[in-house]
1. Gain in length, S64 to R18, computed as 0.36 nm per residue apart minus the alpha-carbon separation, to one decimal in nm?
2. Express in nm, to one decimal, how much length is gained between V48 and R84 on full extension, taking 0.36 nm for each residue of separation and deducting their alpha carbon distance.
3. What distance in nm separates the two pseudo spin-label positions at Q74 and A34, each 7 Å out from Cα along the beta-carbon direction?
4. In whole Å, largest first, what are the principal axis extents of the Cα atoms in the stretch 15-56?
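Just so it is clear, none of the values below were taken in a lab; they were calculated from the coordinates. Since the model is a prediction, treat every value here as computed from it, not as a measurement. Glycine also receives a Cβ, built like all others from the backbone with ideal geometry; neighbour counts cover every protein chain displayed.
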Amino acid sequence: MAQGGEAGAPPVRLWVRRVGVYCDEHRKTWLVAAEEEEGMLRARIQRVQVPLGEALRPSQLPPSRLPHMWQLSQGEQYRDSNSRVWEIEHHLMVRMVATIEHSHSCL
C-alpha cells in the first residue's frame, strides 16, 4: 500500500497484553503510547509485530490512564473497558505500518 494510504479496517477489539502492548482479535500486536494535551488524552496505536509472550492480568499491570480493552462500537468510535468513548482521529498506513490515533476528553 502506498505511503499515507488507507490502512483498511481498524481492529474490532484490542486487549492489553503487557505494558504498552495490545493484541487484536487476529492476534496481531499493537504498541500503544499515551499523550495528554490540553485536557485531551490521546492514544497513539501502531501495528508492530512483537512476540506475544505471557499476558499479564489487569491486577499485575501498573496504574495507567489507558484502558485494558477497546472495542469498536460505531463508526469512528471505540468504547473502552471503563465505558469511555474514544474517537478515531487518524487511521492511516505509512510504509506498510498501520497507525491509529484515539482521543478521549479528560475534562
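1. Residue separation times 0.36 nm, minus the Cα-Cα distance, leaves 15.4 nm.
2. 10.4 nm
3. About 2.7 nm separates the two model spin labels.
4. 35, 19, 15
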